[in-house]
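Presented below is the structure to which this report refers.
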Amino acid sequence: MTRSRAGYAAAVSRLSKFRISLPVALTTFTGYLMSHGEFARGIVFPVAGVFLLASAASALNQIQEYKTDLLMPRTRNRPIPMGLIPKKEAFMWVLLFAISGSALLYFFSGWLAAVLGLMSFLWYNGIYTPLKRITAFAAVPGGVVGALPPLIGWVAGGGILTDPAAIALFLFFFIGQVPHFWLLLLRFGEQYEMAGLKSLTSKLEPFQIRRLTFMWIVATAVSAFLLPGYYDFEYKISAYSVWILSVLLIAVFVKLLKPGLQNVEFKSSFLLINLYYLLIMITFCMDALI
């Protein structure tokens with residue numbers, strides 16, 4: 001089959017989940033600015049390293065789950081199930097992304113950043129991915145994956161890993177990963193069951209999942225409330241902004257508790273929680289830069 005360069009590039013982009021790997025890398029940017037306190041050219045290297053490792057993890061995940069992907073309408077058009085990229089070729093991309101990402105972190109950000117990067121990669125593919133077939137609560141330990149990139153940025157910017165602010169930042173990103181995934185389940189839970197993956201939809205009613213998701217959203221907001229107590233903002237308005245955004249997050253998602261709610265608007269809900277994280281990260285970055 002003849003492949004155009006543009007078509008193949010698009011397939012590699014989907015293999016690496018570019019649209020997900022890039023936002024993950026931007027959380028590294030936030031952690032770096034928070035610890036370093038100012039913009040520096042060196043910020044490029046940890047961000048690029050995390051992006052490449054996230055791409056490697058996504059590509060390896062698609063190799064691991066290509067049979068499962070074939071069973072779900074949401075994923076059956078991925079490059080490997082579609083035959084656009086053979087598994088052996090996909091594995092070469094995994095090696096390229098993983099080695100280059102690890103090298104960037106090690107040589108430009110230090111051994112600790114590289115260890116954290118590899119830990120995130122191994123956690124996603126070696127722990128979280130297999131757990132999805134074992135427990136419906138795999139998203140909870142899986143949240144570690146999304147919480148490590150900000151820490152990589154933190155140590156790359158010169159921060160200490162045991163700093164209370166770094167721990168608070170880790171918890172904030174860790175807790176927020178869970179409602180992200182459970183909002184996904186409210187729309188695609190049946191497809192997960194169809195593919196043989198463990199899903200809360202087989203154990204709980206939709207209203208129970210909504211309430212559980214809301215509890216984790218509240219926990220996310222509470223963890224954000226605690227951040228100004230550990231991180232020394234330059235301007236009080238930054239702390240107030242974090243608090244206001246967190247109150248608004250709870251106010252927006254309190255609708256999940258409505259007894260008569262039949263369906264959750266997945267796209268708008270997913271957009272809103274991502275917008276919340278984006279605005280929080282912008283607040284952190286602006287406080288460090290201004």
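The values are calculated or read from the model by the stated rules, or taken from the named source; none is laboratory data. What you see is a predicted model, and the numbers here were worked out from it, not measured in a lab. So basically every Cβ, Gly included, is an ideal-geometry build from the backbone, and we count neighbours across all protein chains shown.
Below, the figures for the structure above:
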item: Residue under evaluation Ser238, criteria (1) assigned to a helix (DSSP H, G or I); (2) in contact with a Leu (Cβ under 9 Å, 6 or more places away or on another chain), criterion not met; result: (2)
item: Residue check, Gly196 under 28 Å from Val252 (Cβ atoms) and either modelled with pLDDT under 95 or aromatic (Phe, Trp, Tyr) (or both); result: no
item: Elements of type helices (runs of 4 or more DSSP H) contained in region 1-77, each with 2 or more residues being over 18 Å from Phe108 (Cα atoms) and out of contact with any helix residue (DSSP H, G or I) (no Cβ under 9 Å at 6 or more places or on another chain); result: 5-15, 66-71
item: Flag if Pro164 is surrounded by fewer than 15 Cβ atoms within 10 Å (Cβ to Cβ) and under 21 Å from the mean Cα position of the chain (by Cα); result: no
item: Near pairs, Cβ below 8 angstrom, 6+ apart or cross-chain, from region 229-248 (under 14 Å from Ala288 (Cβ atoms)) to any residue that is assigned to a helix (DSSP H, G or I) and acidic (Asp, Glu); result: Phe233/Asp287; Glu234/Asp287; Tyr235/Asp287; Ser238/Asp287
item: Search result, residues across region 199-225 that are closer than 16 Å to Leu248 by Cα and not hydroxyl-bearing (Ser, Thr, Tyr); result: Phe214, Met215, Trp216, Ile217, Val218, Ala219, Ala221, Val222, Ala224, Phe225
item: Matching residues in region 185-211 - criterion: being part of a helix (DSSP H, G or I), touching a residue at least 60 places away in the same chain (Cβ under 8 Å) and surrounded by 16 or more Cβ atoms within 10 Å (Cβ to Cβ); result: Leu186, Arg187, Phe188, Gln191, Tyr192, Leu200
item: Single residue of Leu53, Leu22 found to be crowded, with 23+ Cβ neighbours inside 10 Å, under 14 Å from the mean Cα position of the chain (by Cα) and either closer than 20 Å to Val155 by Cβ or free of Cβ contacts under 8 Å to residues at least 60 places away in the same chain (or both); result: Leu53
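Residue-by-condition table, conditions (1) assigned to a loop (DSSP other than H, G, I, E, B); (2) more than 17 Å from the chain's Cα centre (by Cα); (3) without any contact (Cβ under 8 Å) to a residue 60 or more places away in the chain; (4) surrounded by fewer than 16 Cβ atoms within 10 Å (Cβ to Cβ):
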residue	(1), (2), (3), (4)
Pro79	yes, yes, no, no
Ala98	no, yes, yes, no
Phe108	no, yes, no, no
Leu112	no, yes, yes, no
Val115	no, yes, yes, yes
Thr129	no, no, no, no
Arg133	yes, yes, no, yes
